Amino acid sequence: MAISSLEEIAKCRRLVVKIGSALLVQEGEPRKVWLASLAKELAETRANGTEIVIVSSGAIALGAARLGLEKGGRASLADAQAAAAVGQIALAEIWSEGLGEHDITVAQLLLTLEDLEDRRRYLNASATLARLIDAGAIPVVNENDTVATEEIRFGDNDRLAARVAQAAGADGMLLLSDVDGLFDRHPSDPAAELVELVETTDDEVRAMASDNSGSGLGRGGMVSKIQAAEIAQRAGITLAIINGTHEAPIGKAVEANCGTIFMPQRSDSARKAWLGGRLAAGGTLHVDEGCAKAISNGGASLLAVGITSVDGAFQRGDLVEICGPDGARLAQGLSEYDAVICRRIAGLREDHQAKILGYAPRSAVIHRDHMVML
Ligand code: GLU
């Protein structure tokens with residue numbers, strides 16, 4: 001039975017709690033009283049048998065204040081990287097002190113997007129998380145902003161948290177926000193209503209979070225929270241967005257039963273869930289109607305004959321997206337061929353492919369074992 005209430009999430013077996021910069025840092029300084037109240041809650045939750053992983057932002061905000069950088073350290077990538085390098089030390093200290101009060105040992109993990117996109121590195125991070133939790137520590141994770149480049153980075157800790165939850169084998173996630181959850185329209189609109197439960201994240205739900213609806217803007221806003229929820233849903237993790245602004249925010253949200261819960265949609269195998277949560281596709285395979293149907297309905301492998309065009313410059317084994325004739329993203333998976341060969345064999349049947357390749361082609365361009373529906 002899937003977890004379906006805030007109370008259950010707060011009591012789940014393994015919980016990832018994501019805390020944003022705005023909650024942790026005010027005018028360049030940590031919000032100490034608030035932090036102590038959260039640390040106490042987390043310690044209690046852990047004492048009651050829930051294993052905890054924290055994903056904490058705040059490095060850039062803390063570091064920018066210490067270095068006197070403008071725009072909160074986000075004026076340029078170099079500023080953000082410098083700020084993160086300084087602020088991360090402070091952040092680690094805050095958590096180590098806050099949880100140390102409750103005799104909890106804290107471990108710092110700084111991850112890049114690539115650490116979680118590459119299967120071998122992902123499994124490595126996953127094993128480290130498991131070992132730390134087993135050994136009784138609380139891992140505190142952040143993106144390694146100091147080395148992450150503009151192109152290859154999460155940029156927001158919401159999606160990072162969802163990927164970490166997958167890697168940690170968590171069953172619940174809490175995203176602490178500065179609003180009560182997802183609203184059906186801009187929260188400043190008096191008619192706006194809190195959406196309590198999201199079974200399926202469809203276009204309607206995405207539109208509620210879009211910049212147009214205004215409920216979330218920019219980094220770490222509602223848009224990235226919805227993207228995180230989609231990763232979690234696919235991985236069989238129940239995620240909730242709750243208001244983190246009050247002291248002891250988790251208890252408060254549970255008591256008031258106030259927040260937005262995203263129900264897990266399916267529980268893919270661990271490998272498929274990892275694949276489905278990957279973010280950096282190297283290219284796109286556009287397919288015809290028949291192929292799109294076969295993939296959507298029957299979970300068929302993607303055959304070259306159904307490919308109409310190929311975008312991008314990917315290598316064999318890279319992640320690529322599959323788009324239907326209407327341009328909608330259907331699935332993603334690992335390509336058996338690089339982009340050049342994909343272009344050459346697109347639209348061809350097996351005997352034709354053999355002539356072009358000079359060898360017997362693989363059974364599919366993307367095998368269904370290496371493909372997940374989106
Ligand atoms: N990793 C960034 C930091 O520690 C924050 C990213 C975000 O705002 O979600 O400052």
* Structure fact -> Toy charge model, Lys and Arg Cβ at +1, Asp and Glu Cβ at -1: segment 227-374 dipole around Cα centroid in debye, rounded to 20, equals 300 debye
* Over the chain, calculate the relative contact order: mean separation of alpha carbon pairs under 8 Å at least 6 apart, over the residue count, as a percent. => 15 percent
* **For the chain: lysine pairs under 20 Å (alpha-carbon distance), excluding those fewer than 8 apart on one chain** => 9
* Name the shape class, rounded, prolate or oblate, that the alpha-carbon gyration tensor gives for segment 105-154, where a ≥ b ≥ c are the square roots of its eigenvalues, rounded holds for a/c under 1.5, and otherwise prolate holds if a/b is larger than b/c and oblate otherwise. => oblate
* Asked: Shape call for segment 51-195 from the C-alpha gyration tensor, a ≥ b ≥ c root eigenvalues: rounded (a/c under 1.5), prolate (a/b greater than b/c) or oblate?
  -> rounded
* **Helix-only [θ]222 nm of the chain, DSSP H runs n ≥ 4, -39500 (n - 2.57) each, per residue, nearest 500** => -12000 deg cm²/dmol
* Of the DSSP H helices in the chain, those whose Cα atoms cover at least 30 Å axially and whose Kyte score averages -1.0 or more -> 77-100
* **Rounded to the nearest 20 debye, dipole of segment 9-102 from Cβ charges on Lys, Arg, Asp, Glu** => 340 debye
* Burial ranking of peptide ranges 355-365, 250-260, 116-126 (average Cβ count within 10 Å, highest at the top) -> 250-260, 116-126, 355-365
* Structure fact -> The farthest towards the positive end of the charge dipole of the chain, of the residues V205, P264, A130, given +1 on Cβ of Lys and Arg and -1 on Cβ of Asp and Glu, is A130
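Percent antiparallel among DSSP beta bridges with both residues in the chain, to the nearest 5?
40 percent
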* Structure fact -> Between E97 and A207, the FRET efficiency computed from the C-beta separation at R0 = 45 Å comes out, to the nearest 0.05, as 0.60
* **Tensor-based shape of the chain (alpha-carbon gyration tensor, a/c under 1.5 rounded, otherwise prolate or oblate)** => prolate
* Please tell me the relative contact order of segment 175-323 in percent, rounded to the nearest whole number, where contacts are Cα pairs under 8 Å and at least six residues apart. => 22 percent
* **Separation in nanometres of the label points that stand 7 Å from Cα toward Cβ, at H186 and A248** => 3.6 nm
* Asked: What is the extension gain from S4 to L374, computed as 0.36 nm multiplied by their sequence separation minus the C-alpha to C-alpha distance, in nm to one decimal?
  -> 131.0 nm
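Coordinate-derived values only; no laboratory data. Values in this document were obtained by computation on a predicted structure and should not be read as measured data. Note that we place each Cβ from the backbone using ideal geometry, even for glycine, and neighbour counts take in every protein chain shown.
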